[in-house]
Structures are given as C-alpha cells and as structure tokens.
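Asker: Starting off with a structure, shown below.
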Amino acid sequence: ARSESARLRAGRPFGTNVTARPGRNLRPIRPRVRATRGSHVPDTITITDDRTGKTVTVPIEGGVFPSSALRELDSSLYCYDPAYLSTASCKSSITYLDGDAGVLRYGGYPIEQLAEHSTYLEVAYLLLNGELPTKEQLDVWVNDVTHHTFIHENMRKRFVDGFHYDAHPMGMFTSAVAALGTFYEGAKDIDDPTQRNRQILRLIAKAPTIAAMCHRFSVGLPFNQPNNDLSYPANFLNMMWKIGDYEVDPVLERAMEILFILHADHEQNCGTTAMRVIGSSHADPYSSAAGASAALYGPLHGGANEAVVRMLTEIGSIDNVPAFVESVKSGEGRLMGFGHRVYKNYDPRATIIKNAAYDVFEVTGKNPLLDIALRLEDAALSDPYFVDRKLYPNVDFYSGLIYQAMGFPVEMFTVLFAIPRMSGWLAHWQELLNDPAQKFSRPRQG
Ligand code: CMC
C-alpha cells in the first residue's frame, strides 16, 4: 500500500494535505471596481431604439448595466435571455467567481486557502456574516450548530419510514427538508431576525442528520443519533457508518471537511437561483431550500458526480477511452464532469479535490476508476474539440471518485453536495431579504 501511495503522490501537482493544517495566514482579497481603459473613456452605455430614435444612457458598474434602461425607452420592452445567459439578477458579496481565470473566493478569501486552513463551519459563518469568526464567535457558532443536530422523532418514524424501500436518497432529502419546516412554528416569521437565525442554524445543523438518516433507511440499518462530541464532518461520518465500535478516520474526516468547504457556495448557480426565486415569494427557508435541493438533483447540476462515476464504470478500461471520446465528439452524449457555464478554465475546486483524492486513497486504497479518469482528462485536454470549447474538468469530475472510495453509494453523491450547499443557499436567502433592490421574482415571456 505504501509504494502505491508513493506512486500516487508523485503525480500530484501540489499539496492540499488533508492531515496537515499549518499556521493560518488567511487574507481576503477584495475585488477592485473594474476600471474601463483610460479615464477619458466613459463607464456608460447608450442604447438607441431605432423604431423611435429615442436614446438612453446608463452607467456600467462592475461589468453590468441596469436593464431597466430598456423600459425607459419603451415601458413594454424586455430583454429576451433564455437560461439567463446574459443576466445578472442581483448584486452579491458572498462569493466571487472569475470563470476565465479559474478564480473562486468566499468573502474575499481564496478557496485554496480556506480548503487548506479552515473548517466547514468557519466557512459557513463567513458566508453568512461576510467575515471569518473570531475564536469566541466560532466557539459560540460551533456550540450552537452542534446542539441543534437532533431531529424530531416523528421525522424518522412517520415521515422517512413512509418512503418506498428503494426511494432515491436525494428525493428523500429534498422532501425531508421541506417537511422539517412544518415542525417549527417560527419558520414563516422571515421578517424576524431572531427567527431567521434560528432556522438558519437548524437547517445547517440538521442537514447531515437528515442525509445520514436517508442513507440508513435506504440500506435498512438503524438510524444513528448525532454525537455532540464530534466535529461537523465526523458527526456526519459517524451517523452514516457507525456499526459496533466504528471510529472516524481523521484523514477521511479532513477530506470530508474539504469537500464540504468546496461545495459550500458557488454564487448564482441553478440551485441558488431557485432558492432566491422561491425566497422572493417570502416562503419559509425550509421550502426555499427544498426547491434549491430539487434543482441540485438534476444531472446537469449536482447530479453530475453520480453521472461521472456511472460514465467511468461504463467506459470500464483505459483502452476504451479513445472510442468514448470520439463518441462524445460525434454527439452521442456528454463528457460528464467537464464543462461549466461560468468556468472557461480549470475549475479550481477540481484541482483541490484531485489532490485530496490521493490522501483518501492512502486510507481506502485507490479507486480503480482513477486511471480511467486521468486518461480521459488527458485525452480531452489535448483534443481540439474540448480545447476550442474551453471544456475543462469541473468540481464533479473527481469528487465522485473520493466519495466512492469512502464507501458512499452513488445515489448519495448529490446529497453530499446538498449538505454543505445549505449554508450557501441560506447566505443568499438572507442577502436577498436584506437587499432593498430585490422584489418578488417574476420574469416575462417573449
Ligand atoms: N461534453 C461534451 N461537449 C460539451 C460538454 C461536455 N461535458 N459541455 C459542453 N459541451 C459542448 C456543447 O455540445 C456545445 O457544443 P457546440 O457549440 O458544438 O454545440 C458547447 O460545448 C457549449 O455547450 P453548452 O451546452 O452551450 O454550454 P452550457 O454553458 O450551457 O453548459 C454544462 C454547461 C455544465 C451544462 C455543460 O458543460 C455540461 O452538460 N457538462 C456536463 C455536466 C456536468 O458536468 N455538470 C456539472 C456542472 S459543475 C457543477 C454544478 O454547477 O452543479
């Protein structure tokens, strides 16, 4: 096993060592307001309605201009923008993403630094509060989350036990998140900051409990209660796997922590947009998070890591990689785990996950699909079809391999994405409710 791990390590580009957390040196990078060429060039855009000759000039700030300018020209004029390819629907300071440069920051902190030095709960605090917690703030936050991990007994006995024996865990998770809201009287008091914070705490604390419960139901094992002596990721792993005297491996605990950090937020993706749209109707946060979770379930979004493992399994051998690549190029399906609406470069999360995978494989043994994945990545990155379209590995390309090596069934992969994304969804929900520019979402049709 040792020589195998040495061989694996030799191939890693740089270390995100899941066991070592050296001295923290975290510094936020605040994005500068983008200057437009020289000072003589105005930061404005002028639009002319050729039907009437009317003109409107509006400012461009941070690369966007207010599309309400169109209605100044004609009150019944709208942008036609299927799938919001050219639309910025909000201003947000939670996450910064530069898809061309492959940069991702939460609250100004580069994702690489957070993955190296932070815990998931610190990151959740950062997303919700805009700054990393002090030691005192973190102690209170961790204590609060840790003491809200239990769920009402009826959730398991009456609700989860009512699912068909082969229900998909992500369908169960999504429904359970919505159902959870019915247990809390204050859930609908979204204007009351105390109630809001209470629901945020509950959703973040209980997401792993619900997730583990769905898995244990799927495999017919008794549910493990949360253990408040354990960290957030260790508690989750313990609820998932504990039979007899199971103990959480610290390397796997740290790997889970890193995976949770990397999946915590990703600005205005499909699930987060669903969260904001539902939240804009002033629905309670449980219903909004259930909607976001349903969006995440799709194979083009959070379901992609499940699709990647199925794809690699189907390819079966590195010898079949060239034929598979040709089939993708001829339009017979997509290379799952490749391509992204925003990243036109290597997804920085994929780099971190690929590195973390080597540490996990030292404990679990190498996932045999790794060699196929590496060969596939090499083949795609040297093929003009993928290069010209700027298709690079995304977060899902390697995450499934780690999850599988850790023993998670493929059906749980999207649930593993949803647990940490809960904090991102809630941070956006909170930002939306506090933003005076936001209103009830209601687009038009063309
Ligand atoms: N394999 C093969 N070709 C692809 C792929 C792919 N994975 N992704 C895009 N293309 C091609 C596509 O066929 C099109 O080619 P052409 O210009 O010849 O018609 C071109 O690239 C542009 O594709 P698009 O569909 O317009 O791009 P999009 O921004 O709408 O799609 C995407 C983004 C993520 C849906 C897509 O890349 C995809 O389906 N990837 C596979 C699924 C996947 O890995 N999803 C996880 C996304 S990251 C996690 C998350 O956000 O949840």
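No lab work stands behind these numbers, since they all come straight from the coordinates. Quick caveat, the model's predicted, so the values are computed rather than measured. Cβ sites come from the backbone with ideal geometry, for glycine too, and all protein chains shown count toward neighbours.
Asker: Put a dot 7 Å past each Cα toward the Cβ at Asp191 and Gln445; how far apart are the dots in nm?
Answerer: Result: 3.3 nm between the two label points.
Asker: For segment 315-372, what does the alpha-carbon gyration tensor say about shape, rounded, prolate or oblate, given a ≥ b ≥ c as the root eigenvalues, a/c under 1.5 as rounded, and a/b over b/c as prolate?
Answerer: Because a/c hits 1.5 or more and a/b fails to exceed b/c, segment 315-372 counts as oblate.
Asker: Net charge near Leu369: determine it from the other residues with C-beta under 11 Å of the C-beta of Leu369, scoring Lys and Arg +1 and Asp and Glu -1.
Answerer: +1
Asker: Normalised by the number of residues in segment 310-418, what is the relative contact order in percent for Cα pairs under 8 Å and 6+ residues apart?
Answerer: It comes to 38 percent, rounded to a whole number.
Asker: When the dipole is taken about the Cα centre of the chain, and only Lys, Arg (+1) and Asp, Glu (-1) are charged at their Cβ, what size is it in debye, to the nearest 20?
Answerer: Computed charge dipole of the chain: roughly 500 debye.
Asker: A follow-up question, please. Suppose every Lys and Arg Cβ carries +1 and every Asp and Glu Cβ carries -1, with no other charges. What dipole size does segment 78-202 come out with about its Cα centre, to the nearest 20 debye?
Answerer: The dipole of segment 78-202 has a size of about 380 debye.
Asker: Something else about it: How high is the FRET efficiency between Asn320 and Cys90 when r is their beta carbon distance and R₀ equals 30 Å, given to the nearest 0.05?
Answerer: E(calc), rounded to 0.05, equals 0.10.
Asker: Now a separate question. In nm, what is the difference between 0.36 nm times the number of residues separating Asp388 and Ile47 and their Cα-Cα distance?
Answerer: Contour length minus the Cα-Cα distance gives 119.5 nm.
Asker: Sequence gap at least 6, Cα distance under 8 Å: using those rules, report the relative contact order of the chain to the nearest whole percent.
Answerer: Relative contact order comes out at 21 percent.
Asker: Going toward the positive end of the dipole of segment 151-270, with +1 on Lys and Arg Cβ and -1 on Asp and Glu Cβ, which of Leu230, Asn269, Ala178 do you reach last?
Answerer: About the Cα centre, the residue reaching furthest to the positive side is Ala178.
Asker: Another question, then. How would segment 226-362 be classified by its alpha-carbon gyration tensor: rounded, prolate or oblate, with rounded meaning a/c under 1.5 and the a/b versus b/c comparison settling the rest?
Answerer: Judged from the Cα gyration tensor, segment 226-362 comes out oblate (a/c at least 1.5, b/c at or above a/b).
Asker: Work out the charge dipole of the chain with +1 on the Cβ of Lys and Arg and -1 on the Cβ of Asp and Glu about the Cα centre, then indicate which of Val219, Ser67, Thr95 is farthest towards its positive end.
Answerer: So the residue we want is Ser67.
Asker: Could you line up Thr95, Thr146 from fewest to most neighbouring Cβ atoms inside 10 Å?
Answerer: Placing the least packed residue first, the sequence is Thr146, Thr95.
Asker: Another question about this same structure. Mind checking which aspartates and glutamates have their C-alpha under 13 Å from Lys344, skipping anything on the same chain fewer than 8 residues away?
Answerer: The qualifying aspartates and glutamates are Asp98, Asp100, Asp388.
Asker: If we count every other residue with Cβ under 14 angstrom of His147's Cβ, Lys/Arg +1 and Asp/Glu -1, where does the sum land?
Answerer: So the surrounding residues net to 0.
Asker: Under 14 Å from the Cβ of Thr52, count the other residues' Cβ atoms, weight Lys and Arg +1, Asp and Glu -1, and hand me the total.
Answerer: Charge balance near Thr52 sits at -1.
Asker: Using the number of other C-beta atoms within 10 angstrom as an exposure proxy, rank Asp371, Asp161, Asp50 with the fewest first.
Answerer: Going from sparsest to densest Cβ surroundings: Asp50, Asp161, Asp371.
Asker: Here's a follow-up. Using alpha-carbon pairs under 8 Å, 6+ residues apart, how would you state the relative contact order of segment 224-322 in percent?
Answerer: Contact order relative to length: 15 percent.
Asker: Got a sec to turn the phi values of segment 212-229 into Karplus ³J(HN,Hα) couplings, 6.51 cos²θ - 1.76 cosθ + 1.60 with θ = phi - 60°, whole Hz, x for Gly and Pro?
Answerer: 3J(HN,Hα) across segment 212-229, in whole Hz: 5, 4, 4, 5, 4, 5, 4, 9, x, 9, x, 6, 8, 5, x, 10, 6, 7.
Asker: Using θ = phi - 60° and the Karplus relation 6.51 cos²θ - 1.76 cosθ + 1.60, list the HN-Hα couplings for segment 274-287 in order, rounded to whole Hz, with x at every Gly or Pro.
Answerer: Listing the rounded values in order: 4, 4, 5, 5, 5, x, 5, 8, 6, 5, 5, x, 5, 5 Hz.
Asker: While we're here: Please list the non-local residues whose amide H lies under 5 Å from the amide H of Val103, H modeled 1.01 Å from N, same-chain partners needing a gap of 5 or more.
Answerer: Here Asp98 satisfy the definition.
Asker: In deg cm²/dmol and to the nearest 500, what is the mean residue ellipticity at 222 nm of the chain if only DSSP H runs of at least 4 residues count, each as -39500 (n - 2.57), divided by the residue total?
Answerer: -15000 deg cm²/dmol
Asker: Here is a further query. What dipole magnitude, in Debye to the nearest 20, does segment 317-435 give about its Cα centre under +1 on Lys/Arg Cβ and -1 on Asp/Glu Cβ?
Answerer: 200 debye
Asker: Let me ask something additional. Is the chain rounded, prolate or oblate when judged by the Cα gyration tensor, a ≥ b ≥ c being the square roots of its eigenvalues, rounded requiring a/c under 1.5 and prolate requiring a/b larger than b/c?
Answerer: oblate
Asker: Non-local amide H neighbours of Tyr109 (under 5 Å, H modeled in plane, Pro and chain starts lacking H): which ones?
Answerer: Ile29
Asker: Using θ = phi - 60° and the Karplus form 6.51 cos²θ - 1.76 cosθ + 1.60, what ³J(HN,Hα) does each residue of segment 160-173 get, whole Hz, x for Gly and Pro?
Answerer: Using θ = phi - 60°, the values come out as 5, 5, x, 6, 5, 4, 9, 4, 5, x, 6, x, 5, 4 Hz.
Asker: Can I ask one more? Using a Förster radius of 60 Å, what is the FRET efficiency between Val58 and Asn154 based on their Cβ-Cβ separation? Nearest 0.05, please.
Answerer: It comes to 0.65.
Asker: Considering amide H positions built from the backbone, and no H for Pro or chain starts, which residues 5 or more places from Phe338, or on another chain, come under 5 Å of its amide H?
Answerer: Amide H to amide H, under 5 Å and 5 or more residues apart or across chains, Phe338 pairs with Asn394.
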